[in-house]
Amino acid sequence: MAAPLVEAAPAKINLALHVTGRRPDGYHTLDTLVAFAGLGDELTALPAADDSLVLTGPFARTLVGTPDNLVLRAVTAFRARWPERLPAGLALTLAKNLPVAAGLGGGSADAAAALRLCAALAGGTVPTELFDLARSLGADVPMCLYSRPARVGGIGERVAPLAAFPACHVVLVNPLEPVATAEIFRHLAHADNPGLPALPEPLTRPAQLGLWLAGTRNDLEPAATALVPAIAPLVAELAAAPGCMLARMSGSGATVFGLFGASAPAHQAAHDLRAAHPAHWVAAAPLIAV
């Protein structure tokens with residue numbers, strides 16, 4: 001490997017998220033439609049004597065000193081399962097471009113990128129157990145392993161990639177107030193909500209997606225808004241932007257997204273939000289197509 005191997009870790013967007021129950025082990029079951037943005041963290045690797053991880057990027061400082069990084073856990077787990085398939089060590093660099101604890105997949109997307117990177121180093125023909133390995137690292141890691149539009153059920157282990165998905169753009173804004181997922185679930189009012197309605201088939205037009213999403217919700221948004229009041233006005237501000245088909249919170253927050261059918265109004269909305277909220281993190285990007 002003469003040059004570093006590079007793997008993207010796209011931001012996960014929960015376009016709709018219904019909490020449908022709670023299992024005896026305490027895990028909540030979900031019915032969620034996820035998509036992935038054309039922006040995110042980036043992981044690079046070079047062969048080395050031992051495994052190591054260097055953090056760079058605008059949000060690296062929020063993870064410095066974290067002893068249990070999911071990237072290293074993913075590499076360790078892969079090597080334990082397939083010990084002959086990797087170099088003795090990997091010098092890893094994670095460019096942390098996304099806010100931490102923001103409802104965008106974060107560490108799960110980074111762990112999934114590490115698994116894909118290891119699979120590429122192993123020759124790209126890794127057994128199907130890679131999905132099981134992803135599941136052992138966290139509920140969101142399997143969906144991030146796909147990093148494509150999908151309907152996801154259970155606690156995240158039932159991933160059904162979509163056969164079609166319209167070309168859309170998102171604007172993401174985060175007030176840089178981290179939100180602990182466990183805390184949001186503790187404040188959840190109801191854990192036995194109906195699942196998502198049936199998806200249109202084929203799902204090919206942005207307006208079609210927007211209409212379907214209007215009949216859905218994010219069941220975690222009220223609890224998150226109670227803890228981070230800045231979420232609600234950001235949702236309202238994005239919803240009022242010209243061309244925005246839908247605005248709501250992603251995941252457990254506090255990132256808010258606006259869905260757009262075209263690039264120009266999305267970038268204009270992002271420009272306006274940066275001007276109005278210079279201390280917030282704001283980005284615009286296309287959603288990754290099928």
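The values are calculated or read from the model by the stated rules, or taken from the named source; none is laboratory data. Please read all numbers here as calculations on a predicted model, not as lab measurements. Cβ coordinates were reconstructed from backbone atoms using ideal geometry, including for glycine residues, and neighbour counts include every protein chain displayed.
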Inset, instruction - Out of the residues in the range 111-140 that are more than 16 Å from the chain's Cα centre (by Cα) and of a type in the set (D, E), state the one that is farthest from L55 (Cα to Cα). - result: E129
Inset, instruction - Could you tell me whether the range 5-14 includes any residue that is under 27 Å from L188 (Cα atoms) and of a type in the set (G, A, S)? - result: yes
Legend entry - Single unsatisfied condition, E221 versus (1) at pLDDT 95 or above; (2) more than 21 Å from the chain's Cα centre (by Cα); (3) charged (D, E, K, R): (2)
Legend entry - Criterion (in contact (Cβ under 8 Å) with a residue 24 or more places away in the chain, of a type outside the set (A, V, I, L, M, F, W, C), assigned by TED's automatic domain parsing to the domain that holds D31 and assigned to a loop (DSSP other than H, G, I, E, B)) met by exactly one of G156, G195: G156
Legend entry - Unique residue being modelled with pLDDT of 95 or more and either in a strand (DSSP E or B) or assigned by TED's automatic domain parsing to the domain that holds E221 (or both) when the list is V173, V179: V173
Legend entry - Residue count for the range 242-290, restricted to those that are over 21 Å from the mean Cα position of the chain (by Cα) and closer than 21 Å to G215 by Cβ: 1
Inset, instruction - Please verify whether the range 242-254 includes one or more residues that are of a type in the set (K, R) and assigned to a loop (DSSP other than H, G, I, E, B). - result: no
Legend entry - helices (runs of 4 or more DSSP H) fully within the range 51-150 counting 2 or more residues that are surrounded by fewer than 21 Cβ atoms within 10 Å (Cβ to Cβ): 70-81, 106-121, 129-137
Inset, instruction - Within the range 172-183, identify whether any single residue is out of contact with any Phe, Trp or Tyr (no Cβ under 9 Å at 6 or more places or on another chain), acidic (D, E) and in contact (Cβ under 8 Å) with a residue 12 or more places away in the chain, and answer yes or no. - result: yes
Inset, instruction - Being out of contact with any helix residue (DSSP H, G or I) (no Cβ under 7 Å at 6 or more places or on another chain), at pLDDT 95 or above and crowded, with 23+ Cβ neighbours inside 10 Å narrows it down to one of T255, T216, so name that one. - result: T255
Legend entry - Qualifying position, being surrounded by 13 or more Cβ atoms within 10 Å (Cβ to Cβ) and not in a loop (DSSP other than H, G, I, E, B), among L209, L203: L209
Inset, instruction - All but one of (1) surrounded by 21 or more Cβ atoms within 10 Å (Cβ to Cβ); (2) in contact with a helix residue (DSSP H, G or I) (Cβ under 7 Å, 6 or more places away or on another chain); (3) in a loop (DSSP other than H, G, I, E, B) hold for A189, so report the exception by its number. - result: (1)
Inset, instruction - Would you check which residues across the range 268-290 are modelled with pLDDT of 95 or more, surrounded by fewer than 21 Cβ atoms within 10 Å (Cβ to Cβ) and touching a Phe, Trp or Tyr at 6+ places or on another chain (Cβ under 9 Å) and list them? - result: W281, I288
Legend entry - L234 more than 19 Å from the chain's Cα centre (by Cα), over 25 Å from R23 (Cα atoms), without any contact (Cβ under 8 Å) to a residue 24 or more places away in the chain and not in a loop (DSSP other than H, G, I, E, B): no
